[in-house]
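J.: First the structure, then my questions, so here it is.
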Amino acid sequence: MEYKVKTLAELTSAELLEIMKERVAVFVVEQECAYQEVDELDEQALHTWLEDGSEFVGYTRIINESDAVHIGRVLTVKKYRGAGHGELLMKKTLEAVQENYPGRPIVLGAQEYATAFYKKFGFEVISDVYLEDDIPHVDMQLG
């Protein structure tokens, strides 16, 4: 398993296409949620992903904002789910945040069903449940 971290400018066109394809497959098609998946935050984000040989396994994006570092667009490709790859991806993402933005608070907007997953890494719920694109979410911060 190889973990990669790149800015938008560092991505090859093939890498960018694979990232966008997988994000749309999960967040738009699988979750049946029509929204602007690719956005202006992609320009300032660190794009991170796991590969198994030449196969794309999972993805996160890291955005350094004024209040905190935000982790988003967390996904594992369907065929790799349930085998611990999501945990490895999150562990590597947190290491990348510490390496690039040491000492900053880390937050994310989690789909409500996934809060137990993020709690494994020390995240705590810091908001009430809210709807984002008709999907229940909560804000979480690394404790």
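The values are calculated or read from the model by the stated rules, or taken from the named source; none is laboratory data. Just so it is clear, the model here is predicted, and its values are computed rather than measured. Heads up, the Cβs are rebuilt from the backbone with ideal geometry, glycines too, and the neighbour counts pull from every protein chain shown. Surface accessibility is based on the protein's heavy atoms, side chains included, excluding ligands, DNA and RNA. Shrake-Rupley method; radii C 1.70, N 1.55, O 1.52, S 1.80 Å.
J.: Is it the case that the stretch 39-60 has a residue that's of a type in the set (Val, Ile, Thr), on the phi < 0 side of the Ramachandran plot and exposed (fewer than 13 other Cβ atoms within 10 Å of the Cβ)?
T.: The initial filter retains those residues of the stretch 39-60 that are of a type in the set (Val, Ile, Thr), namely 48, 57, 60.
Retained after the next criterion (residues that are on the phi < 0 side of the Ramachandran plot): 48, 57, 60.
If we keep only those that are exposed (fewer than 13 other Cβ atoms within 10 Å of the Cβ) as well, we get none.
Among the residues of the stretch 39-60, not one is of a type in the set (Val, Ile, Thr), on the phi < 0 side of the Ramachandran plot and exposed (fewer than 13 other Cβ atoms within 10 Å of the Cβ), which makes the answer no.
J.: Shifting gears a bit: Inside the stretch 1-32, can you point out the residues that are part of a loop (DSSP other than H, G, I, E, B) and either under 16 Å from the mean Cα position of the chain (by Cα) or over 23 Å from His85 (Cβ atoms) (or both)? Please lay out each step first, then the result.
T.: First, pick out the residues of the stretch 1-32 that are part of a loop (DSSP other than H, G, I, E, B): 1, 11-12, 31-32.
Matches in the stretch 1-32: Gln31, Glu32.
J.: Please work out which residue is surrounded by the fewest Cβ atoms within 10 Å (Cβ to Cβ), limiting yourself to the stretch 116-127 and to residues that are closer than 16 Å to Val69 by Cα and touching a residue at least 24 places away in the same chain (Cβ under 8 Å).
T.: Applying the filter and picking the extreme gives Phe121.
J.: So Val28 ticks every box in (1) in contact (Cβ under 8 Å) with a residue 12 or more places away in the chain; (2) surrounded by 15 or more Cβ atoms within 10 Å (Cβ to Cβ) but one. Which box is left unticked?
T.: Only one criterion is unmet by Val28, namely (1).
J.: Cβ-Cβ under 6 Å, sequence separation 6+ or interchain: first residue in the stretch 130-143 and surrounded by 12 or more Cβ atoms within 10 Å (Cβ to Cβ), partner β-branched (Val, Ile, Thr). Which pairs?
T.: Pro136/Val129; Val138/Val125; Val138/Val129; Asp139/Ile126; Met140/Val125; Gln141/Val107; Gln141/Ile126; Leu142/Ile106
J.: What number of residues within the stretch 61-91 are under 16 Å from Lys119 (Cα atoms), open to solvent by 20 Å² or more (accessible area, probe 1.4 Å) and not in a strand (DSSP E or B)?
T.: Summing the residues that are under 16 Å from Lys119 (Cα atoms), open to solvent by 20 Å² or more (accessible area, probe 1.4 Å) and not in a strand (DSSP E or B) in the stretch 61-91 gives 4.
J.: Moving on. Out of all the residues in the stretch 39-60, which are out of contact with any strand residue (DSSP E or B) (no Cβ under 7 Å at 6 or more places or on another chain) and in a strand (DSSP E or B)?
T.: Those that are out of contact with any strand residue (DSSP E or B) (no Cβ under 7 Å at 6 or more places or on another chain) and in a strand (DSSP E or B): Asp52, Glu55.
J.: A further question on this structure: Output the number of residues of the stretch 93-133 satisfying the condition of being more than 26 Å from Lys6 (Cβ to Cβ) and among the β-branched types (Val, Ile, Thr).
T.: 4
J.: Read through the list (1) aromatic (Phe, Trp, Tyr); (2) farther than 30 Å from Gly103 by Cα; (3) open to solvent by less than 60 Å² (accessible area, probe 1.4 Å), then give the number of the only condition that Tyr3 fails.
T.: Here Tyr3 meets the rest and fails (2).
J.: Right, here's the next one. Taking the stretch 111-143 on its own, how many of its residues are in a loop (DSSP other than H, G, I, E, B) and closer than 19 Å to Glu37 by Cα? Walk me through how you get there before you give the answer.
T.: Kept after step one, since they are in a loop (DSSP other than H, G, I, E, B), are these residues of the stretch 111-143: 120-122, 126-129, 133-134, 143.
Applying the additional criterion that residues be closer than 19 Å to Glu37 by Cα yields 133-134.
Residues in the stretch 111-143 being in a loop (DSSP other than H, G, I, E, B) and closer than 19 Å to Glu37 by Cα: 2 in total.
J.: To continue, here is another question. Cβ-Cβ distance below 7 Å, separation of 6 or more or different chains: which pairs start in the stretch 54-79 with a residue that is touching a residue at least 40 places away in the same chain (Cβ under 8 Å) and more than 19 Å from Glu18 (Cα to Cα) and end on one that is among the β-branched types (Val, Ile, Thr) and surrounded by fewer than 22 Cβ atoms within 10 Å (Cβ to Cβ)?
T.: Between residues of the stretch 54-79 that are touching a residue at least 40 places away in the same chain (Cβ under 8 Å) and more than 19 Å from Glu18 (Cα to Cα) and residues that are among the β-branched types (Val, Ile, Thr) and surrounded by fewer than 22 Cβ atoms within 10 Å (Cβ to Cβ), the close pairs are Ala68/Ile106; Ala68/Val107.
J.: Could you list, ordered by first residue, the pairs with Cβ atoms under 7 Å in which the first is in the stretch 86-115 and free of Cβ contacts under 8 Å to residues at least 60 places away in the same chain and the second is open to solvent by 50 Å² or more (accessible area, probe 1.4 Å) and of a type in the set (Asp, Glu), at least 6 apart or interchain?
T.: Matching pairs, first to second residue: Val107/Asp139; Gly109/Glu132; Gly109/Asp139.
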